[in-house]
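Presented below is the structure to which this report refers.
Every number in this text was worked out from the coordinates using simple rules, so none of it is lab data. Predicted, not measured: the structure shown is a model, and the values here were computed from it. Note that each Cβ is placed from the backbone with ideal geometry, even for glycine, and that neighbours are counted across all protein chains shown.
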Amino acid sequence: MPVSDTVGLINHVQNAYARCIDDGKLEEWPDFFEDDCVYKITTVDNYAQGLEAGVIFANSKGMLRDRVASLREANIYERHLYRHFLGQAWIISEVADEVRSETSFIVARIMRDGTTDVYATGRYVDAYRLNGGKPKLRERIVVCDSSRFDTLLALPL
Amino acid sequence: MPVSDTVGLINHVQNAYARCIDDGKLEEWPDFFEDDCVYKITTVDNYAQGLEAGVIFANSKGMLRDRVASLREANIYERHLYRHFLGQAWIISEVADEVRSETSFIVARIMRDGTTDVYATGRYVDAYRLNGGKPKLRERIVVCDSSRFDTLLALPL
Amino acid sequence: MPVSDTVGLINHVQNAYARCIDDGKLEEWPDFFEDDCVYKITTVDNYAQGLEAGVIFANSKGMLRDRVASLREANIYERHLYRHFLGQAWIISEVADEVRSETSFIVARIMRDGTTDVYATGRYVDAYRLNGGKPKLRERIVVCDSSRFDTLLALPL
């Protein structure tokens, strides 16, 4: 069980990712991805069965930008705050410039009236390109533990 | 306050431990322990008073295996998912091959209907044998903050 | 995006800070601060608007000690347990002996009847003096996500 520097690097980028969303800087969110990328939100049941259908699917940075634009228009994002907590990244493989990792997440949601609950838990199944120390996501599959999705699911996870 | 490499090593093993349970690979769970080990779940009140009685007690890897077997038979484990989050390990002492550490944990439980709540919080009071870079638990005392235990308490913490 | 050793050092001190409060050793809490310090609890709305008014304000270690003394007298602190979880520190700047960092936190509260809920989430906005490897807080602004504060808000965050 080697503890590589890659863990520290991935932890660092994922901390930046969580800060970006929690601080409401959604316009910067697509920049954590490669131009050619996959972003998918699915459930643990679907993922285990190999089903492709996800709650949300995008396969380019442009689609992620479109998503942010429509969120901004709808103003839905203003209703709540989110707070992400990530476990330490678990490195599955590191081959040439590509790192595959999995990371647990828990997201708390803070409603405008101050109520706070556990909004979502699950794990990120990621493929990062290292790009010489500035890793970008080539693929992020957000595997949610719960199959019950709030219809307000709007913000990126 | 030295920040030793031991912290990184223990964090890494504990990440693997959490993944093992959260991924439902219970058969692999006993392998995080030495053959001759103590595993105990107790409450913060009992622990502070030095009471031996715990909710769950095992003193060999064989007992841990028996526990997993009975969980599998009862199928209780299929009803929920769990998601562990661990703080950074705090090294209490490191003498020869043995590291004593404490680590905060929070476990979210995801019911089959999708409801998610905070299932348990507390800290692991651990004694690890380093075994040349492949640490195993000689003792894990799971000290839960709450004295109210769900009767479904079944999965390892 | 450099991953500096400072992250490890700040993570370590913050782990100690969380342990101090969660273990109920409140008398040791002021020692995480410089003699001349600022400790403030405020909300994300107030903080964003640059409002000075906070829920709690102290500008010396003496005031922190007074606060602990009054908590001990009132015995309020015995009613609940708290469990802090901190994200990885994010280093904003490091100039000479001073590090500015931000860190997400989530605090679970365990009532005497065993009920556990998410008590508070937010981020620490900190200025640490490194003091040759023994960092102390010159300023901690606790920016809570929720604007609804429990009237029992008593323990340090």
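Within the same chain, aspartates and glutamates fewer than 8 places from C:Lys25 are excluded, and of the rest, those with a Cα less than 13 Å from its Cα are C:Glu78.
Sequentially through region B:95-101, phi angles give Karplus couplings (6.51, -1.76, 1.60; θ = phi - 60°) of 10, 6, 8, 10, 10, 9, 8 Hz, Gly and Pro residues having no value and appearing as x. Summarising the amide proton neighbourhood of B:Ile56: residues at separation of 5 or more, or on other chains, whose placed amide H is nearer than 5 Å comprise B:Ile41.
Each 5 Å bin from zero holds the following percent of Cα-Cα pairs in region C:7-74: 3, 15, 19, 22, 21, 15, 4, 0. Rounded to whole numbers, the Karplus 3J(HN,Hα) couplings from phi for region B:83-92 are 9, 8, 10, 10, x, 6, 5, 10, 7, 7 Hz, using 6.51 cos²θ - 1.76 cosθ + 1.60 with θ = phi - 60°, and x at Gly and Pro.
Between C:Glu98 and B:Thr115, how high is the FRET efficiency from 1/(1 + (r/R0)^6) when r is the Cβ-Cβ distance and R₀ = 41 Å? Nearest 0.05.
So the FRET efficiency works out to roughly 0.35.
Using the Cβ of C:Ile92 as centre and a radius below 11 Å, the other residues enclosed give a net charge of -2, where K and R count +1 and D and E count -1.
Could the peptides B:56-66, A:32-42 be put in order, highest first, of the mean number of other beta-carbon atoms found within 10 Å of their residues?
Values: B:56-66: 16.2, A:32-42: 19.0.
Packing proxy ranking, top to bottom: A:32-42, B:56-66.
For A:Val95, B:Val118, A:Val125, which order do you get if you count the other beta carbons within 10 Å of each Cβ and list the fewest first?
Values: A:Val95 7, B:Val118 22, A:Val125 18.
Taking fewest neighbouring Cβ atoms as first place, the list is A:Val95, A:Val125, B:Val118.
Report the Cα centroid-to-centroid distance between region A:38-100 and region C:101-135 in angstrom, as an integer. Using only Cα atoms to place each centre, the spacing works out to 27 Å. Per residue of peptide B:108-121, the mean number of Cβ atoms on other chains within 10 Å of the residue Cβ is 6. Helix B:5-22 versus the longest principal axis of chain B: what is the Cα-based angle in degrees, 0 to 90, to the nearest 10? The angle comes out near 10 degrees. Label-point spacing for C:Val55 across the identical copies (point 7 Å from Cα in the Cβ direction), in nm and ascending order: 2.8, 2.8.
Residue by residue through A:92-105, how many Cβ atoms from other chains fall within 10 Å of the Cβ on average?
Working: counts 0, 0, 0, 0, 0, 0, 0, 0, 0, 0, 3, 1, 9, 2.
Average per residue, whole number: 1.
Here the mean projected area of the convex hull built on the C-alpha positions of the protein assembly as shown is 22.7 nm².
Can you bin region B:5-144 into rounded, prolate or oblate? Criterion: square roots of the alpha carbon gyration tensor eigenvalues sorted a ≥ b ≥ c, rounded for a/c under 1.5, prolate for a/b above b/c, oblate for the rest.
It is rounded, given that a/c, with a ≥ b ≥ c, falls under 1.5.
Protection proxy ranking for B:9-16, B:109-116, using the average of other Cβ atoms within 10 Å per residue and placing the highest first: B:9-16, B:109-116. Straight-line reach from C:Lys40: taking Cα to Cα under 12 Å and skipping same-chain neighbours fewer than 8 places apart, the aspartates and glutamates in range are C:Glu52, C:Asp126, C:Glu139.
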